[in-house]
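K.L.:
This is the structure I want to talk about, given as structure tokens.
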Amino acid sequence: MNAFPLFAEQIPVPFETVWVWIAHWLGQSRLAVENAAGTLLVGALSAATCALVGCFLLLRRMSLLGDALSHSVLAGVAAVYLITGSIDPIPMFLGALAAGVVTAVATQFIHRTGSVPEDSSIGIVFTSMFAFGVVVVSRATGVHLDLDCVLFGDVAFAGMNFTPTLGWLLPKAVHTLVPALIITLLFLVLCWKELRLTSFDPTHAATLGFSVSVIHYLMTTVVAMVTVSAMEVVGLLVVALLTVPACIARMLTDRLGRMLGIAVLVGISCTTIGYFLALRWNSSAAGLMAVVAGVELATVILLAPRYGLLGRLRRSVQLRLRIAAEDVLAGLFRRMERTGTAVSESTSDCQRLAGNGLAARSAIRWLGQRGLLETSAGMVQLSDKGRRYAQGLVRSHRLWESWLDQNFDLDPDHLHGPAEAMEHYIGPSVQRQLEDDLQQPNADPHGREIPDVPD
Amino acid sequence: MQIYSAGSSFEWFVAHLTQSCAADGLVSYCRDVITELTMLLGLNHPSNFNPYPVTLLTQTTLVLIGTVLLGITAGLVGTFAYLRRRALAGDVIAHAALPGLCMAFLLTQSRSIGVLLTGALITGVAGAFMMSLLRRVTRLREDAILGTVLSIAYGLGIALTRTIQNNYRNERGADLESFIIGRAATMLRSDVLQIAVAAIACGIVVLVVYKELKLLSFDESFCRVQGWPATGLDLLLMFLTAVTVIAGLPAVGVILTAALLIIPPAAARFWTDRLSLMMTISAGIGGVSGATGTLLSARMDQMPTGPLVVLTASALFVVSWMLAPNRGWLWNRDRSEKELAAAAAEILRSETSSRAEVKS
């Protein structure tokens, strides 16, 4: 007979066989694997919920609210303890929630009535409430009010603390995290249109008759609820889960739905990788989760296709190269026009056309590869394809000069500079518009012929 | 080093104060304080040097000196940060200091507070620098950047603290954690010395570049146009903030240091429109909060000093917000009601007179 009639024998853990199999495969105890699975579940739930509301916080420029809420929650817990003298979880949760709402309201109130800048009023409210919380917690002798849990979070404990739930044995934090996730999803689905509108254009939303402040306070309440339930797991570092995944998603996309999806995935990956690193290095899972989030953010800032640093660098190098190449082509075309015959130039002459330097050298090599220039024995001349391309450029240049001359009171010698810059950006459709506007001109203000559209 | 328990030392302090007042007045007490301060700053004769001097002052007075100086410095520096709308930069610097403390310990294995705080200063400034870098190169906005840098740095700090705590099983791990909430009641002479040096340095710098900082705070573009190095001044302000925050870390900890930089200037703003006066009031509120918080925590058992200092400052903020003339809430509420009443009376009068005109 078993000396300890554990309820674990009556109430099963979900997917029991999977854990047994993994435990066997890893050579670990079944309990360790179940604990790890529970921790990962709890981490993923809090990350997903935080990421969803975090995106809206980011878009509404309210990211600091998460920071403030996570600190002032302690005051709510402390106040409930002072009043009731117990540490029953449900009143504590409600107290923390109330503290969150009070923080948001007080911040706005001080900001409005005292004309204190918003960030300062946030700073005043949350530090004061946190100080109050610390004072009460330090006075609370003999009662287990764990300041460390607030400061550092306890992912491992939250994942291990199994209790029977609806016939299954699940981590206790699930009791608050799953309702929080469901309420958040409901809020997002029901108020999707209003949220989107008020986040991107509050003034427009107000003129359409939506109550911006009702949405604001609903949002604040949901954020307070999410923060409180996730704090049990990650402590003050709930700020990391609220802001960083949303920032990463913002760097990657411009679409709201996609942003939410990316943020959730990033959040879950952070908690998962952070947990395993913490096991490996015997450190804090919540802390390493924030570090992993930081590494992911740094990667995205560098490598994001559209808004990343390398992407922007690559695009600017490409533009520089294209401009240098087009300068060479247009320069050769003008010489050809002057002499009337196809000319060969030395490579160094060509480079001078694009202002020498690395960009000019690479541009000429690139033109050769694309078949726009023909090179023979150090001499360079326009190929047929190159001549057509250059003709388009010179056409843009001279049309722009004519248009400037017609519409602005500029001296003739001030026309070339702007046109030299604009010629790279004028495509066929703008050429057509300019031509219509100028009523089919034949020559530019300097008397040179405007070449036809290349065939 | 002897550390007196907070409660009894307060009684001793009061008894000492009353006795010396009764005997030869406050003068002798002040002389003791001055002697202690000179010893603290190492200004007395080197032959008197004693690493564990018999203190003339109790632990409470030592803490009192520390917190008052810290409050004054934070009030001074915070004024400019507040006016530059950089109030929360101090918060970021404080959080970013935590990994620096841990790294300094891991790299040097040193327990000296100077080494640890140097590490803290380096990462704190790096955090502030990261913030301005991200603001420039990414599309993220100010609030998101603050939250991001703060939480990642704090996470790194927590992870390192845990690693140290788990791998060096001695009192050191717990000691690093004490930087998170602070341990003002057991402040050491070295801590007070640091605060004193930081206070004097910040005070001198603020006085020397007062005019330039004033210009920068109120009209940055004009400052640039006039040819002042606005970016350099901005960096200087950031550095001053970092020094204040780091000096205050052992006393009030990572999370609450920001409060000392934000609350006194915000309270002072209600009372005046003049910068010099605002700085004075802000420093005064900082100093008074430091003193009151320390004395309260010495008076009562198990009351942490840092949070009490912050709570005193918030109480003073609420008082200023409510009562201050012109900008205070009561004043404005009164005024707006009176103005509303006057406007309503005006409208009524004009309406009745126009009706009378129509009738006639």
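The values are calculated or read from the model by the stated rules, or taken from the named source; none is laboratory data. The structure presented is a predicted model; accordingly, all values stated were derived computationally and were not measured. Quick reminder, even Gly has a Cβ in these numbers, built from the backbone with ideal geometry, and neighbours come from all protein chains shown.
K.L.:
Looking at region A:105-120, which of the residues that are buried (at least 24 other Cβ atoms within 10 Å of the Cβ) and within 27 Å of the chain's Cα centre (by Cα) is farthest from the other protein chains (Cβ to nearest Cβ)?
P.N.:
Checked region A:105-120; the qualifying residue farthest from the other protein chains (Cβ to nearest Cβ) is A:THR107.
K.L.:
Would you point out which residue out of A:ALA8, A:ALA37 is away from chain B (no Cβ under 14 Å), closer than 25 Å to A:PRO179 by Cβ, modelled with pLDDT under 80 and surrounded by fewer than 22 Cβ atoms within 10 Å (Cβ to Cβ)?
P.N.:
So the residue among A:ALA8, A:ALA37 that is away from chain B (no Cβ under 14 Å), closer than 25 Å to A:PRO179 by Cβ, modelled with pLDDT under 80 and surrounded by fewer than 22 Cβ atoms within 10 Å (Cβ to Cβ) is A:ALA8.
K.L.:
Quick one: A:LEU64 ticks every box in (1) under 29 Å from A:GLY257 (Cα atoms); (2) away from every other protein chain (no Cβ under 14 Å) except a single one, so which number is it?
P.N.:
Only one criterion in (1) under 29 Å from A:GLY257 (Cα atoms); (2) away from every other protein chain (no Cβ under 14 Å) is unmet by A:LEU64, namely (2).
K.L.:
Of the residues A:ALA325, A:ALA286, A:ALA330, which is under 29 Å from A:MET259 (Cβ atoms) and surrounded by 13 or more Cβ atoms within 10 Å (Cβ to Cβ)?
P.N.:
A:ALA286
K.L.:
Just need a number here: residues in region A:354-407 that are crowded, with 17+ Cβ neighbours inside 10 Å, farther than 12 Å from A:PHE333 by Cα and of a type in the set (Ser, Thr, Tyr).
P.N.:
Residues that pass the stated criteria total 2.
K.L.:
Identify, by number, the condition in (1) out of contact with any helix residue (DSSP H, G or I) (no Cβ under 8 Å at 6 or more places or on another chain); (2) closer than 20 Å to B:LEU88 by Cα; (3) surrounded by 13 or more Cβ atoms within 10 Å (Cβ to Cβ) that B:LEU237 doesn't meet.
P.N.:
Among (1) out of contact with any helix residue (DSSP H, G or I) (no Cβ under 8 Å at 6 or more places or on another chain); (2) closer than 20 Å to B:LEU88 by Cα; (3) surrounded by 13 or more Cβ atoms within 10 Å (Cβ to Cβ), the lone unmet condition for B:LEU237 is (1).
K.L.:
Just checking, how many residues over region A:252-298 are assigned to a helix (DSSP H, G or I) and facing another protein chain (nearest Cβ under 8 Å)?
P.N.:
Result for region A:252-298: 11.
K.L.:
Next question. Considering each of B:ALA153, B:ALA120 in turn, give the residue that is touching a residue at least 40 places away in the same chain (Cβ under 8 Å), at the interface with chain A (Cβ under 9 Å from one of its Cβ atoms), part of a helix (DSSP H, G or I) and of a type in the set (Gly, Ala, Ser).
P.N.:
B:ALA153
K.L.:
When you look at B:ALA96, is it within 14 Å of another protein chain (Cβ to nearest Cβ), over 23 Å from A:LEU241 (Cβ atoms) and buried (at least 22 other Cβ atoms within 10 Å of the Cβ), yes or no?
P.N.:
no
K.L.:
While we're looking at this one, here's another question. Within region B:123-150, how many residues are hydroxyl-bearing (Ser, Thr, Tyr), facing chain A (nearest Cβ under 7 Å) and either in contact with a Phe, Trp or Tyr (Cβ under 6 Å, 6 or more places away or on another chain) or touching a residue at least 12 places away in the same chain (Cβ under 8 Å) (or both)?
P.N.:
Total satisfying the criteria: 1.
K.L.:
One residue is enough: does region B:99-114 have a residue meeting the conditions part of a helix (DSSP H, G or I), crowded, with 16+ Cβ neighbours inside 10 Å and within 10 Å of chain A (Cβ to nearest Cβ)?
P.N.:
The answer is yes; a qualifying residue exists.
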